[in-house]
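J.: Take this structure first; my questions come after.
The values are calculated or read from the model by the stated rules, or taken from the named source; none is laboratory data. Model, not experiment: these values are computed from the prediction. Quick reminder, even Gly has a Cβ in these numbers, built from the backbone with ideal geometry, and neighbours come from all protein chains shown. We work out accessible area using only protein heavy atoms, side chains counted, and drop any ligands, DNA or RNA first. Shrake-Rupley method; radii C 1.70, N 1.55, O 1.52, S 1.80 Å.
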Amino acid sequence: MDILSALVSRLQERFRTQVGTVLPSLMDRLGDAKDQVRDQDQALLLKIMDQAANPQFVWERMMGGFKHKNNRTREGLCLCLISTLNVFGSQSLTLSKIVPHICHLLGDPTSQVRDGAMNCLVEIYRHVGERVRMDLGKKGLPQSRLNVIFSKFDEVQRSGNMVLSPMSGRITFPVISVFVFLLPKLGLVWVWFSWQHGLLLVGHASINM
């Protein structure tokens, strides 16, 4: 993996043509018995997404791994998806193509995989919001399972740990910046707000009257 990582660093986007060739082996390594190997493998996958090919390109070629015979690999893919969301944001993926695979893993015979799938859905909810709840309601999942999922969504919402990227779930917004001057009494207050970046800056300057 060290050699492969060096190749990615050297070739950058030129490595994109080799992604499909190396992914099967990298997905196998996600199921390795050693924690260190699994961690290195995930780090390499994220590096490929960052330097060689965009996350969606990579994940379109990894989704078959959700049916991998090794339960550690299936669990590892869930962990890798969570890391992808946290590093690149929900706007980097077409999540509608991935969620059905995650829903299928909720019925996996291995408890670690089921837990990984549940954590994936919670992480997607953190980034996308209520659209996930509405979408899951249309997936034909048993009501008892939906109740468990939705209760976890509610816990996250109450905890204040929502992320809600400005471009969540491939919904894009135009860049809208507003620069406003206010005059509270004899002071000058300026406010700048960017809708896309979610930034709010406030400053104060005195005025000589």
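J.: Scaled to the compact-protein estimate 2.2 N^0.38 Å, what is the alpha-carbon radius of gyration of the stretch 1-159, rounded to two decimal places?
T.: Values: Rg = 15.9 Å, N = 159, 2.2 N^0.38 = 15.1 Å.
Rg over 2.2 N^0.38 Å, computed on Cα atoms: 1.05.
J.: For the stretch 95-108, in order, what is each residue's ³J(HN,Hα) by Karplus, 6.51 cos²θ - 1.76 cosθ + 1.60 with θ = phi - 60°, in whole Hz (x at glycine and Pro)?
T.: 3J(HN,Hα) across the stretch 95-108, in whole Hz: 5, 4, 7, 9, 3, x, 5, 5, 4, 4, 6, 5, x, 5.
J.: Please report how many Lys pairs in the stretch 1-159 have alpha carbons closer than 19 angstrom, counting only residues at least 8 apart along the chain or sitting on separate chains. Provide the component values of the computation, followed by the final result.
T.: Details: Lys34/Lys69; Lys67/Lys97; Lys67/Lys139; Lys97/Lys138; Lys97/Lys139; Lys138/Lys152; Lys139/Lys152.
Here the count comes out as 7.
J.: How much accessible surface area, in Å² rounded to 10, belongs to the heavy atoms of Val128 with a 1.4 Å probe?
T.: Counting only protein heavy atoms, the figure is 20 Å².
J.: Leaving ligands and nucleic acids out of the surface, order His101, His127 by accessible area at 1.4 Å, largest first.
T.: Working: His101 55, His127 5 Å².
Sorted by accessible area, descending: His101, His127.
J.: Quick one: length gained pulling Ala33 to Lys138 fully straight, 0.36 nm per residue minus the C-alpha distance? Mind dumping the intermediate values first?
T.: Working: separation 105, 0.36 × 105 = 37.80 nm, distance 3.67 nm.
Computed gain between Ala33 and Lys138 is 34.1 nm.
J.: Show the residues, 5+ positions off or on another chain, whose built amide H is closer than 5 Å to the amide H of Gly129.
T.: Long-range HN contacts for Gly129: none found.
J.: Work out how much length Gln12 to Ser96 would gain on full extension: take 0.36 nm times their residue separation and subtract the Cα-Cα distance, in nm to one decimal.
T.: Values: separation 84, 0.36 × 84 = 30.24 nm, distance 2.82 nm.
Length gained, Gln12 through Ser96: 27.4 nm.
J.: About its Cα centre, how strong a charge dipole does the stretch 1-159 have in debye, to the nearest 20, once Lys and Arg get +1 and Asp and Glu get -1 at the Cβ?
T.: On the way: 22 positive and 17 negative charges, 77 e Å.
Dipole size: approximately 380 debye.
J.: Under a point spin-label approximation (7 Å from Cα along Cα-to-Cβ), what is the Val148-Ser5 distance to one decimal in nm?
T.: Going from the Val148 label point to the Ser5 one covers 3.6 nm.
J.: Another question, then. Quick one: 3J(HN,Hα) in Hz for the stretch 46-59, Karplus 6.51/-1.76/1.60 with θ = phi - 60°, rounded, Gly and Pro as x.
T.: So the J values, rounded to whole Hz, are 5, 5, 4, 5, 7, 10, 10, 8, 5, x, 5, 4, 5, 5.
J.: Still on this model: Ranked highest first by the average count of other Cβ atoms within 10 Å around their residues, in what order do 39-52, 151-164 fall? The partial results should precede the final answer.
T.: Values: 39-52: 18.6, 151-164: 12.6.
Highest mean packing first, the order is 39-52, 151-164.
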